[in-house]
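Working notes, beginning with the structure itself.
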Amino acid sequence: MKRVLWLIAAVLFCLPVPGAAQTVSIETLLSAPFAENLAASKSGSRLAFTLNEQGKRNVWVAEGPDFAARRLTSYNEDDGGELIFVRFSEDGNSIVYVRGEEKNSAGQYGNPTSNAGGAQLALWVIDWKGGEPRKVDEGGQEVTASSRGWLAYHKDNQIWVAPLDQSAKPKQIVVRGNCSDPQWSPDGQSLAFVSGRGDHSFITVYSPNAKSVRYIAPSVDRDSHPQWSPDGKRIAFVRRPAQQRDTPQGFFLEPDRPRPWSVWVADATSGAARQTWASGDKPDQSFPGMADGTGGGALHWPVADRLVIASEQDGWQHLFALNPEPGASPQLLTPGNCEVEQWSFTPDGKSVLFNSNCGDVDRRHIWQVGVSSGVPRKVTSGEGVEWAPVALSDDNTLAYIASDARHPSHPMIRSRGQGVGEVATSIMGADTAARPLAPETWPKNFPFDQLVTPQAVTFRAADGLEIHGQLFLPKNLRAGEKRPALLFMHGGPIRQMLLGWHYMYYYSNSYAMNQFLANRGYVALSVNYRSGIGYGRAFREAPGRAGRGATEYQDIVAAGRYLQSRTDVDPKRIGLWGGSYGGYLTALGLGRNSDIFAAGVDTHGVHDWPTDNWDGKNIPPDLVKLAHDSSPVTSVDTWKSPVLFIHGDDDRNVFFTQTVDLIARLRPRGVDIEQLVFPDEIHDFLLNRHWIEAYRATADFFDRHFQMPPK
């Protein structure tokens with residue numbers, strides 16, 4: 001086993017490591033490429049992925065057997081051009097992708113550079129061999145390619161189709177409602193999608209040849225997640241029961257309640273459908289919304305006799321196999337007090353590859369299990385973090401993305417002659433080969449050896465709940481010395497910070513900032529408060545969280561007390577910082593406990609649950625009041641500590657007015673306020689230079705208030 005761990009580390013990070021005589025800067029820490037959007041062709045051994053190199057985002061490709069990576073696109077500016085929905089054409093000879101940021105409520109595309117000529121989001125196609133990308137359509141997203149050379153995509157709440165070769169203009173499928181989730185049939189002759197009608201939704205099937213649409217078992221319920229059977233003769237879908245008009249609805253405001261759901265299977269031609277399985281009505285049996293938010297989707301049909309669903313019926317997000325015939329019981333595929341987060345299927349559909357924190361609660365590793373039967377087998381292990389597994393069609397190659405405590409994300413390739421099905425055991429063999437793709441993109445001066453390895457720590461909140469965190473201790477910390485400490489809270493809140501560089505761009509940057517702060521001499525603690533993922537549904541759906549009472553705030557107080565108890569921390573110099581939901585908790589800490597938290601940086605935080613984009617529908621007055629009382633705006637009278645607010649004024653997640661309102665409330669009370677505003681920037685900053693500016697300002701703010709760095 002020791003040899004295996006050494007081998008993983010060696011092949012994962014065969015990248016240049018400079019000498020130890022350099023100074024760590026936030027610019028350098030954010031200079032490493034961030035990898036995402038890993039995709040494989042349906043035939044051959046072709047891979048595509050994107051690298052974000054200091055804001056310059058490009059599509060890269062590689063092909064077996066050597067998998068020498070090359071950059072396919074030429075976007076050479078930090079202009080906010082985000083790349084998403086990277087897909088291969090059916091034959092693998094073209095790649096489609098979406099570039100840009102979607103529209104805000106005023107109908108304006110994200111334009112963080114304030115380009116007077118405007119910005120746009122568009123769907124593009126580029127040949128595998130290279131050349132100039134060709135625009136398919138402005139505004140296209142959620143793209144999928146058919147076996148007959150057609151694209152289907154979502155645009156302005158409608159479904160559009162266009163030929164891949166651009167031999168004809170794009171056409172809208174005219175269907176009433178807000179349409180989404182296009183899914184081509186295996187033969188490319190039909191397209192299924194969801195037509196949302198407000199209080200109900202239909203599964204709709206479009207026939208391009210007949211230019212007609214039909215509805216699958218229409219009802220008053222909400223139907224979604226259409227999945228074709230492998231032979232294209234049937235369609236499975238999710239059905240959620242209708243709700244009364246007066247049912248409370250509101251983001252983080254409505255009371256918790258069970259959300260039952262069922263799986264139906266329909267004849268694709270006649271539309272006749274039967275219920276295959278129905279959940280119970282207990283909270284753990286609710287529809288697994290997290291599967292759509294962070295995972296691989298709630299429903300799949302990989303092989304003829306098996307559906308695969310996500311469920312939390314045992315209290316953890318797991319995968320279950322389900323016979324498509326009525327009356328079957330789900331078969332647990334991924335057991336354990338741990339959670340499955342991302343998953344994909346081998347080309348033959350017989351196995352599912354997934355990443356989870358099974359056996360390693362604060363990391364992610366890749367596993368594999370058959371969809372019909374079998375015991376899950378570990379594919380990767382050790383002290384790294386691995387995610388986004390993709391099996392190539394050659395049945396011989398596995399690709400994924402990996403990181404560890406000192407190395408940010410990088411795409412990896414591993415192969416073995418016995419096939420993907422043997423990956424779990426091949427990692428133990430002498431012939432295992434795993435290596436990074438495009439290692440030449442790593443900065444030559446990246447300070448791998450200057451970074452620290454965070455420690456896993458736990459502490460208990462006032463109600464006894466155990467809380468996990470990652471502690472970053474500065475390398476130059478001397479015995480008996482007391483340093484200022486900074487507490488970090490992630491956003492979401494359906495997130496989990498790990499013992500290594502994160503798999504999401506936003507939190508990869510946050511991890512870099514914690515490393516930067518530790519390098520400057522701070523004791524840094526990242527806390528995984530209740531309502532986050534990784535520790536089970538009861539933890540994530542904790543009673544009284546958010547606008548229902550802010551019970552997770554006691555975890556932040558516990559983290560502050562933990563830092564105060566440490567002999568290497570100055571209890572009078574403890575600060576806190578975070579973004580989005582983390583900004584909400586930062587503001588709560590400064591407002592409610594300026595006695596613990598001496599300063600804070602609130603980045604695009606939520607400050608009043610019931611207002612603006614946080615309002616609800618049919619929320620009883622007592623719950624509206626509770627939501628308001630759970631908000632930082634009600635603690636301004638006890639807010640004494642200085643604060644830096646950072647916000648982009650085109651934020652589509654947390655409206656800018658949340659910060660405007662709170663500053664207006666604090667000013668008359670004499671609070672020391674600083675602000676950094678990015679005109680036209682969105683929530684998840686699109687420009688690398690804005691991340692650098694925000695983190696520089698954060699470090700400078702704490703340095704001034706805590707007299708850092710140490711002399």
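The values are calculated or read from the model by the stated rules, or taken from the named source; none is laboratory data. Here the structure is a predicted model, which means the values were calculated and not measured. FYI the Cβ positions are ideal-geometry reconstructions off the backbone, even for glycines, and counts take in every protein chain you see.
Conditions tested, residue by residue: (1) touching a strand residue (DSSP E or B) at 6+ places or on another chain (Cβ under 9 Å); (2) surrounded by 24 or more Cβ atoms within 10 Å (Cβ to Cβ); (3) aromatic (Phe, Trp, Tyr); (4) more than 20 Å from PHE701 (Cβ to Cβ).
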site	(1), (2), (3), (4)
PRO610	yes, no, no, yes
LYS617	yes, no, no, yes
VAL624	yes, no, no, yes
PRO642	yes, no, no, no
ASN653	no, no, no, yes
ASP661	no, no, no, yes
* To do: Check GLY491 against each of (1) more than 19 Å from ILE533 (Cα to Cα); (2) touching a Phe, Trp or Tyr at 6+ places or on another chain (Cβ under 6 Å) and name the one condition it does not meet.
  => (1)
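For the range 199-215, state whether one or more residues are touching a residue at least 40 places away in the same chain (Cβ under 8 Å) and touching an Asp or Glu at 6+ places or on another chain (Cβ under 7 Å).
Of all residues in the range 199-215, those touching a residue at least 40 places away in the same chain (Cβ under 8 Å) come to 199-200, 203, 205-206, 208, 213-215.
The next check asks that each one be touching an Asp or Glu at 6+ places or on another chain (Cβ under 7 Å); those that pass are 200, 203.
Yes, the range 199-215 has at least one match.
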* Of these, GLN275, GLN249, which one is outside the structural domain of GLY327 (by TED's automatic domain parsing) and either aliphatic (A, V, I, L, M) or surrounded by fewer than 18 Cβ atoms within 10 Å (Cβ to Cβ) (or both)? -> GLN249
* Hey, GLY532 hits all of (1) surrounded by fewer than 20 Cβ atoms within 10 Å (Cβ to Cβ); (2) on the phi < 0 side of the Ramachandran plot; (3) part of a loop (DSSP other than H, G, I, E, B) but one; which does it fall short on? -> (1)
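Looking at ARG665, ARG669, which one is surrounded by 17 or more Cβ atoms within 10 Å (Cβ to Cβ), out of contact with any strand residue (DSSP E or B) (no Cβ under 7 Å at 6 or more places or on another chain) and assigned by TED's automatic domain parsing to the domain that holds HIS604? Walk me through it before giving the result.
On the way: ARG669 fails: surrounded by 17 or more Cβ atoms within 10 Å (Cβ to Cβ).
When all the criteria are applied, what remains is ARG665.
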* Asked: (1) part of a strand (DSSP E or B); (2) buried (at least 17 other Cβ atoms within 10 Å of the Cβ); (3) touching a Ser or Thr at 6+ places or on another chain (Cβ under 9 Å): which one isn't true of TYR215, the others all being true?
  -> (2)
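I'd like to verify a number: residues in the range 223-239 that are part of a strand (DSSP E or B) and in contact with a Ser or Thr (Cβ under 9 Å, 6 or more places away or on another chain), how many?
Filtering the range 223-239 for residues part of a strand (DSSP E or B) gives 223-228, 234-239.
Those still in the list that are in contact with a Ser or Thr (Cβ under 9 Å, 6 or more places away or on another chain) too: 223-224, 226, 228, 235-239.
Total meeting the criteria: 9.
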* Asked: Out of (1) closer than 17 Å to ALA456 by Cβ; (2) in a helix (DSSP H, G or I); (3) touching a helix residue (DSSP H, G or I) at 6+ places or on another chain (Cβ under 8 Å), the odd one out for ALA518 is which?
  -> (3)
* Asked: Within the range 618-653, which residues are closer than 26 Å to GLN108 by Cβ and either among the hydrophobic types (A, V, I, L, M, F, W, C) or touching a Gly at 6+ places or on another chain (Cβ under 7 Å) (or both)?
  -> PHE645, ILE646, ASP650
* **Contacts under 6 angstrom Cβ, first residue in the range 85-108 being in the same structural domain as GLY55 (by TED's automatic domain parsing) and touching a residue at least 12 places away in the same chain (Cβ under 8 Å), partner polar (S, T, N, Q) and not in a strand (DSSP E or B), 6 or more apart** => PHE88/SER41; GLU90/SER147; GLY92/SER41; GLY92/SER43; GLY100/GLN120
* Count of the range 702-711 residues which are modelled with pLDDT of 95 or more and part of a loop (DSSP other than H, G, I, E, B) -> 1
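If a residue must be surrounded by 15 or more Cβ atoms within 10 Å (Cβ to Cβ), outside any loop (DSSP other than H, G, I, E, B) and over 26 Å from the mean Cα position of the chain (by Cα), how many such residues does the range 138-181 contain?
Step one: of the range 138-181, the residues surrounded by 15 or more Cβ atoms within 10 Å (Cβ to Cβ) are 139-147, 149-155, 158-164, 170, 173, 175, 177-181.
Next, from what is left, pick out any that are outside any loop (DSSP other than H, G, I, E, B): 141-145, 150-155, 158-163, 173, 178-181.
So of that shortlist, the ones also over 26 Å from the mean Cα position of the chain (by Cα) come out as 150, 160-163, 173.
Result for the range 138-181: 6.
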* Number of the condition not met by SER372 [criteria: (1) at pLDDT 95 or above; (2) over 19 Å from the mean Cα position of the chain (by Cα)] -> (1)
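Here is a yes/no grid of residues against (1) within 16 Å of ALA39 (Cβ to Cβ); (2) surrounded by fewer than 19 Cβ atoms within 10 Å (Cβ to Cβ):
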site: TRP60; (1), (2): yes, no
site: GLU63; (1), (2): yes, yes
site: GLU77; (1), (2): no, yes
site: LEU83; (1), (2): yes, no
site: TYR97; (1), (2): yes, no
* **Conditions (1) out of contact with any Gly (no Cβ under 9 Å at 6 or more places or on another chain); (2) not assigned by TED's automatic domain parsing to the domain that holds LEU38; (3) not hydroxyl-bearing (Ser, Thr, Tyr): number failed by GLU132** => (2)
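Across the range 568-621, what is the total count of residues that are among the small types (Gly, Ala, Ser), part of a strand (DSSP E or B) and modelled with pLDDT of 95 or more? Write out each step before concluding.
Our first condition is that a residue be among the small types (Gly, Ala, Ser); within the range 568-621, this holds for 575, 578-580, 582-583, 587, 589, 591, 594, 598-600, 605, 616.
Cutting the leftovers down to part of a strand (DSSP E or B) gives us 575, 578-579, 599-600, 616.
Pick out the ones that are also modelled with pLDDT of 95 or more and you get 575, 578-579, 599-600.
Residues that pass the stated criteria total 5.
Restricting attention to the range 610-656, which residues are β-branched (Val, Ile, Thr), closer than 20 Å to TRP577 by Cα and within 30 Å of the chain's Cα centre (by Cα)? It would help to see each step written out before you state the result.
Step one: of the range 610-656, the residues β-branched (Val, Ile, Thr) are 611, 619, 624, 633-634, 636, 638, 643, 646, 654.
Subsequent filtering for residues that are closer than 20 Å to TRP577 by Cα retains 633-634, 636, 638, 643, 646, 654.
Hits for the range 610-656 are VAL633, VAL643, ILE646, VAL654.
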* Which residues, counting only those in the range 348-375, are under 19 Å from ALA405 (Cβ atoms) and small (Gly, Ala, Ser)? -> GLY359
* Residues of the range 490-515 satisfying the condition of being farther than 30 Å from GLN285 by Cβ and either basic (Lys, Arg) or not in a helix (DSSP H, G or I) (or both) -> LEU499, GLY500, TRP501, HIS502
* Quickly run through the range 346-381 and pick out the residues that are surrounded by fewer than 20 Cβ atoms within 10 Å (Cβ to Cβ) and in a strand (DSSP E or B). => GLY370, ARG377, LYS378
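For every residue, the table says whether it meets (1) in a loop (DSSP other than H, G, I, E, B); (2) in contact with a strand residue (DSSP E or B) (Cβ under 6 Å, 6 or more places away or on another chain); (3) outside the structural domain of ASP394 (by TED's automatic domain parsing).
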{"site": "ALA68", "(1), (2), (3)": "yes, no, yes"}
{"site": "TYR75", "(1), (2), (3)": "yes, yes, yes"}
{"site": "ASP79", "(1), (2), (3)": "yes, no, yes"}
{"site": "LEU123", "(1), (2), (3)": "no, yes, yes"}
* Assuming VAL527 fulfils every condition listed in (1) within 25 Å of ALA627 (Cα to Cα); (2) outside any helix (DSSP H, G or I); (3) out of contact with any strand residue (DSSP E or B) (no Cβ under 6 Å at 6 or more places or on another chain) apart from one, which condition is it? -> (3)
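Considering TYR97, TYR109, which residue is under 20 Å from SER74 (Cα atoms) and of a type in the set (Ser, Thr, Tyr)?
Just one listed residue meets the conditions, TYR97.
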* Structure fact -> Pairing a residue in the range 165-177 that is within 15 Å of GLY196 (Cβ to Cβ) with any residue that is part of a loop (DSSP other than H, G, I, E, B), where Cβ atoms lie under 7 Å and the two sit 6 or more apart in sequence or on different chains, gives GLY177/ARG197
* Asked: Quick check: anything in the range 685-701 of a type in the set (Asp, Glu), modelled with pLDDT of 95 or more, surrounded by 16 or more Cβ atoms within 10 Å (Cβ to Cβ) and not in a strand (DSSP E or B)?
  -> yes
* Asked: Which number in (1) in contact (Cβ under 8 Å) with a residue 40 or more places away in the chain; (2) of a type in the set (S, T, N, Q); (3) surrounded by fewer than 23 Cβ atoms within 10 Å (Cβ to Cβ) marks the one condition that GLN317 misses?
  -> (3)
